[in-house]
Amino acid sequence: MKNIFIIFLLVIGVSACQQKEEPKAPYQFPTGPTGPIQAQDDLKLLKEAVQKDPGNVNAWIKLGNTLMDTSRYAEAVEAYQKVLDIDPKNVDVRVDMGTCYRYSGRPDKAVEEYRKALKINPNHVFGHKNLAVVLAYDFKDNAQAIKELEKVLELAPNAPDTEQVKQELQRLKTMK
């Protein structure tokens with residue numbers, strides 16, 4: 001019994017001395033606005049990530065966001081489309097893609113994407129807000145823009161930008 005106990009202690013001691021490999025932390029994709037040099041590095045890493053794993057939705061989203069943040073709207077649309085090919089009900093990506101379409105000079109496609117997003121989630125505040133902007137400024141459809149902004153206030157009455165939304169709503173109502 002004493003020998004078994006000693007062998008047991010030796011086995012535990014030896015195994016405790018062996019160096020264990022630490023598990024590798026998953027790659028942390030870049031977040032938030034970046035400077036031009038950092039953005040280029042991030043884009044390179046993200047493009048490599050999606051090339052290695054084309055089904056990686058998070059990498060495609062980060063790639064689209066980084067491209068959008070660096071005003072590369074047409075490329076961002078392509079990245080967002082890859083996300084939607086995998087996850088067609090991703091409302092946030094649809095709204096971001098709509099914004100990229102608007103900045104690419106395609107307000108018609110922007111409206112289409114915002115409406116698709118709102119069909120999936122009728123309570124998406126940014127979908128309504130962005131749709132209102134395009135309707136008011138690109139299509140001069142103040143009546144529909146007013147409806148969208150009223151919906152924004154209904155959905156988010158205490159949002160940080162509520163006062164700006166109210167001011168814009170009032171401005172549009174005086175322009176009818």
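On the basis of being modelled with pLDDT of 75 or more, within 19 Å of PHE126 (Cβ to Cβ) and not in a helix (DSSP H, G or I), does PRO54 make the cut?
no
Within the range 27-44, identify whether any single residue is over 12 Å from the mean Cα position of the chain (by Cα), of a type in the set (S, T, N, Q) and at pLDDT 90 or above, and answer yes or no.
no
Considering only the range 101-109, I want to know if a residue exists there that is farther than 26 Å from LYS173 by Cα and outside any loop (DSSP other than H, G, I, E, B).
Yes, the conditions are met somewhere in the range 101-109.
For the range 101-114, state whether one or more residues are out of contact with any Lys or Arg (no Cβ under 8 Å at 6 or more places or on another chain) and of a type in the set (Asp, Glu).
Checked against the condition, which is being out of contact with any Lys or Arg (no Cβ under 8 Å at 6 or more places or on another chain) and of a type in the set (Asp, Glu), the range 101-114 yields at least one hit.
ILE61 fails exactly one of the following numbered conditions: (1) modelled with pLDDT of 95 or more; (2) touching a Pro at 6+ places or on another chain (Cβ under 9 Å); (3) under 29 Å from ALA136 (Cα atoms). What is the number of that condition?
Here ILE61 clears every test but (2).
Inside the range 134-157, can you point out the residues that are under 20 Å from ASN121 (Cβ atoms) and exposed (fewer than 13 other Cβ atoms within 10 Å of the Cβ)?
So in the range 134-157, the residues under 20 Å from ASN121 (Cβ atoms) come out as 134-135, 144-145, 147-157.
Within the range 134-157, GLU154, PRO157 meet the criteria.
Answer yes if at least one residue in the range 62-78 is without any contact (Cβ under 8 Å) to a residue 12 or more places away in the chain and either assigned by TED's automatic domain parsing to the domain that holds GLU163 or buried (at least 21 other Cβ atoms within 10 Å of the Cβ) (or both), and no otherwise.
No, the range 62-78 contains no residue that is without any contact (Cβ under 8 Å) to a residue 12 or more places away in the chain and either assigned by TED's automatic domain parsing to the domain that holds GLU163 or buried (at least 21 other Cβ atoms within 10 Å of the Cβ) (or both).
Would you check which residues across the range 122-161 are in a loop (DSSP other than H, G, I, E, B), closer than 17 Å to VAL93 by Cα and touching an Asp or Glu at 6+ places or on another chain (Cβ under 9 Å) and list them?
Scanning the range 122-161 gives a single hit, HIS124.
The values are calculated or read from the model by the stated rules, or taken from the named source; none is laboratory data. All of these numbers come straight from a predicted model, not from anything done at the bench. All Cβ positions, glycine included, derive from the backbone under ideal geometry; neighbour counts span all protein chains shown.
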